[in-house]
Amino acid sequence: MESKTKTIENVATKPAYIMVQMKVESLEELNQRYAQFAIPILLKHGGQMIAGTPAPNVKEGDWNGNWAAVLQFPSMEAAEGWYNSDEYQPYKNLRINELQSEAGRVVIIPGM
């Protein structure tokens, strides 16, 4: 029973990462209308932006965005909690419906 408990604890404590790719009309507007409000909510859920750039070094595949970021969370539950939180929804909707000039990509990946 003890090893099963440890396995469950280890899964629960693994970090999670969110990878973001988007194309926005204006990076300045993204910062003014979205990032300054979304980042405090991210921090509240234990997340942090560990990488972000308008010009990633693409090695394979197509890239048509102008913003890429990697967010880190202490767990999958924390990442999902942030993404689905009532507090974040207005900013997620703003990003998707007003700031992005085309569909972006957001993926949540469990850490190892």
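The values are calculated or read from the model by the stated rules, or taken from the named source; none is laboratory data. Because the structure is predicted, anything quoted here is derived from the model rather than measured. Here the Cβ positions follow ideal geometry from the backbone for every residue, glycine too, while neighbour counts run over all protein chains shown.
Note on region 34-63: among residues that are within 11 Å of the chain's Cα centre (by Cα) and either part of a strand (DSSP E or B) or on the phi > 0 side of the Ramachandran plot (or both), the one that is surrounded by the fewest Cβ atoms within 10 Å (Cβ to Cβ) is Ile50.
Given the structure, is Met112 at pLDDT below 95 and among the hydrophobic types (A, V, I, L, M, F, W, C)? Taking the combined requirement at face value, the residue satisfies it. Filtering region 54-69 to residues that are farther than 14 Å from Ala35 by Cα and in contact (Cβ under 8 Å) with a residue 40 or more places away in the chain leaves Trp63, Asn64, Gly65, Asn66. Here Asn66, Asn31 are screened, and the one residue that is surrounded by fewer than 16 Cβ atoms within 10 Å (Cβ to Cβ), more than 22 Å from Pro110 (Cα to Cα) and among the polar types (S, T, N, Q) is Asn31.
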